[in-house]
Amino acid sequence: MSRIQRSVIFIFLGLVSVGFVLPLLWLVITPFSRAPSLGLAFTAPTLKNFQELAQARTALLAFKNSLLISAGSVALVVMFASLASYALSRSLFRGKQGLITLLLIFSSVVTGVAAMVPIYALCQKLRLIDSLAGVVLVFSAGFLPTAIFILKDFIDRVPRAYEEAALVDGSSGIDLYLRIVLPLIGPGLAVVAVLCFVNIWSNFLVPFVLIRSNSKIPVPVAIYQFFNEVGLPRIGLISAYSLLYALPVLLVYWWVSRKFGFGFFGGLKG
């Protein structure tokens, strides 16, 4: 590779890096700016934007609602997906491969706006409109096919010799699941939990369609309130809220990477 080609590649990568770094730099600097704007303005730091944000009762309630929705959905998805994927991995029946293919299709074909019309009609019939439980159920059902597909791959890698040895010792089926399989697929559960949490934490469409009360809206919908009467964004509040909004995701990534790392551990040696 010639010097000119290397220079062109370095310049291109530098421009791409700047495109990623500038928004993050804006997100860190603007919440503490005395004159927040869409551009980068280095001024004396202030906590005025956070103090004003603390006075907005709906903004604080939205954080609680987002945590309830995300935590509830993650708990349901991890529990039911691990059970279903264990049964799917260990059972032998006709049409098993077809069922796996359907899971893959359902997890990728009908999504977004296309899925909201039947979902809204179903929630209306079940009286789940304007209900946090309804939002949790919609998120959980929507992410289950993907979670089952991911966890099945992890469970397939768990050696059956572990389960056979436990059966010889008198363990029951639920003991195999709780004491053998779950500890070995910890990284897989972490992957599913993180993917589920991040997708639900940042989702705007589902709660925007299903929630009516201001006291029940999550953070993505609450950010909509930080516009003035003529529709202009209140940059200071939006930037401060966005910074706080990003912290839980960063903490989740940090905790999971610290606890589980990025590998899958388990199996027999020799």
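Would you confirm whether or not the stretch 68-80 contains a residue that is modelled with pLDDT under 85 and surrounded by 12 or more Cβ atoms within 10 Å (Cβ to Cβ)? Within the stretch 68-80, not a single residue is modelled with pLDDT under 85 and surrounded by 12 or more Cβ atoms within 10 Å (Cβ to Cβ). Inspect the stretch 23-40 for any residue being free of Cβ contacts under 8 Å to residues at least 12 places away in the same chain and among the charged types (D, E, K, R) and give the result as yes or no. No, because not a single residue in the stretch 23-40 is free of Cβ contacts under 8 Å to residues at least 12 places away in the same chain and among the charged types (D, E, K, R). Assessment of the stretch 212-227 against the conditions (within 25 Å of Phe32 (Cβ to Cβ), over 23 Å from the mean Cα position of the chain (by Cα) and in a loop (DSSP other than H, G, I, E, B)) yields at least one matching residue. Any residue that is in contact (Cβ under 8 Å) with a residue 12 or more places away in the chain, within 25 Å of Leu232 (Cβ to Cβ) and more than 29 Å from the chain's Cα centre (by Cα) - is there at least one of those in the stretch 48-56? Yes. The residue that is nearest to Lys48 (Cα to Cα), counting only those in the stretch 15-36 that are touching a helix residue (DSSP H, G or I) at 6+ places or on another chain (Cβ under 9 Å) and among the β-branched types (Val, Ile, Thr), is Thr30.
Filtering the stretch 165-180 to residues that are under 22 Å from Leu151 (Cβ atoms), out of contact with any helix residue (DSSP H, G or I) (no Cβ under 8 Å at 6 or more places or on another chain) and not in a helix (DSSP H, G or I) leaves only Ser172.
The values are calculated or read from the model by the stated rules, or taken from the named source; none is laboratory data. In this text the structure is predicted, and so the values were computed from the model without any measurement. Cβ: placed from backbone, ideal geometry, glycine included. Neighbour counts: every protein chain shown.
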